[in-house]
Amino acid sequence: MTEQIKDQSKNESIFRKALPLFAISLINGGISPINAVVQTIADVFSVSLSTARMVSTLPNLITMLVTMLMGNLVERKLSYKSIMLTGIILFLFGGLAPLFVNNIVLLLLLRAIFGIGMGCFGILNSLYLRVFDRSISEKMIGYGWAILSASTILMKIAAGALGAKDWHFAFLPYNIGFLSLIIFLIFFKEPEYPVSIKTERKKSSSVNWTHKLVLYVVLKALSPLFIYPVLTGMSTFIAQKGVGGAALAGLAGSI
């Protein structure tokens, strides 16, 4: 009986630690849902398709640049909590402000702000490794990716369905960020930084660049070049074929 109580207490502790991280995973795929209304935005603002596609490609570029800076910020003892909260707030502001915008330049500016917020989440996997022991950290990261995938699919479908009525409404699914904000504020506790980890990180600071690792990094870097033209062009393809609109584009993009 005592062992069962201990196991139950341990599981509850793990769940409480994981919940705020899962809340971040919930919104960590927030860029792509807007792909469903790329063609609509091009038509409404009478801009080129390449300009309209920037509502998706610009935040991705910003996210990549910000993510590279996040590791250094954490190294300088900027707390995980402050970085993640900044990310959620920018996610909400950059994600929901377009509901009230009717200018393409301002829309792209807000998408850039949104990208900064998404870039703050680039250290999420390292946070999983900090919060959990190695024995369960990989499992928790796997759960996080499952949540990310499921939420991204639902957000794409919702953005497409809502965007079919008005392109502004495609941004409504970003309200889910409020749920993440509440959960994160209630449950997140800044992880400690044991001396043993500091020492281990200093010893393993150099990267062993094997051929397989180089190939993986190159393929990882090039993959968006092949994937994003398809994702951002989905709404255009569907519109040109005359088989549907934003709702179908959102559904197709979620598959």
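What the table shows:
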| item | result |
| --- | --- |
| Among residues of the stretch 159-168, those that are under 18 Å from residue 104 (Cβ atoms), crowded, with 24+ Cβ neighbours inside 10 Å and of a type outside the set (Phe, Trp, Tyr), counted | 1 |
| Options 94, 142: the member that is touching a helix residue (DSSP H, G or I) at 6+ places or on another chain (Cβ under 9 Å) and either assigned to a helix (DSSP H, G or I) or farther than 29 Å from residue 40 by Cβ (or both) | 94 |
| Residues that are of a type in the set (S, T, N, Q) and surrounded by 15 or more Cβ atoms within 10 Å (Cβ to Cβ), drawn from the stretch 52-80 | 56, 57, 60, 63, 67 |
| Odd one out for residue 36 among (1) hydrophobic (A, V, I, L, M, F, W, C); (2) crowded, with 23+ Cβ neighbours inside 10 Å; (3) modelled with pLDDT of 85 or more | (3) |
| The stretch 21-80, residues that are free of Cβ contacts under 8 Å to residues at least 40 places away in the same chain, among the hydroxyl-bearing types (Ser, Thr, Tyr) and in a helix (DSSP H, G or I) | 50 |
| Which listed residue is among the hydrophobic types (A, V, I, L, M, F, W, C), closer than 18 Å to residue 91 by Cα, surrounded by fewer than 16 Cβ atoms within 10 Å (Cβ to Cβ) and at pLDDT 90 or above, from 171, 178 | 178 |
| Inter-residue pairs, beta-carbon under 6 Å, first at pLDDT 95 or above and in the stretch 98-112, second surrounded by 13 or more Cβ atoms within 10 Å (Cβ to Cβ) and among the small types (Gly, Ala, Ser), 6+ apart | 110/94; 110/97 |
| Test for residue 27: is it surrounded by 22 or more Cβ atoms within 10 Å (Cβ to Cβ), under 13 Å from residue 95 (Cα atoms) and either at pLDDT 85 or above or in contact with a Cys (Cβ under 9 Å, 6 or more places away or on another chain) (or both) | yes |
| Some residue of the stretch 142-154 being more than 17 Å from residue 24 (Cα to Cα) and hydroxyl-bearing (Ser, Thr, Tyr) | no |
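The values are calculated or read from the model by the stated rules, or taken from the named source; none is laboratory data. Keep in mind the model is a prediction, meaning the values are calculated, not measured. Here Cβ is always computed from backbone atoms with ideal geometry, including for glycine, and neighbour counts include all displayed protein chains.
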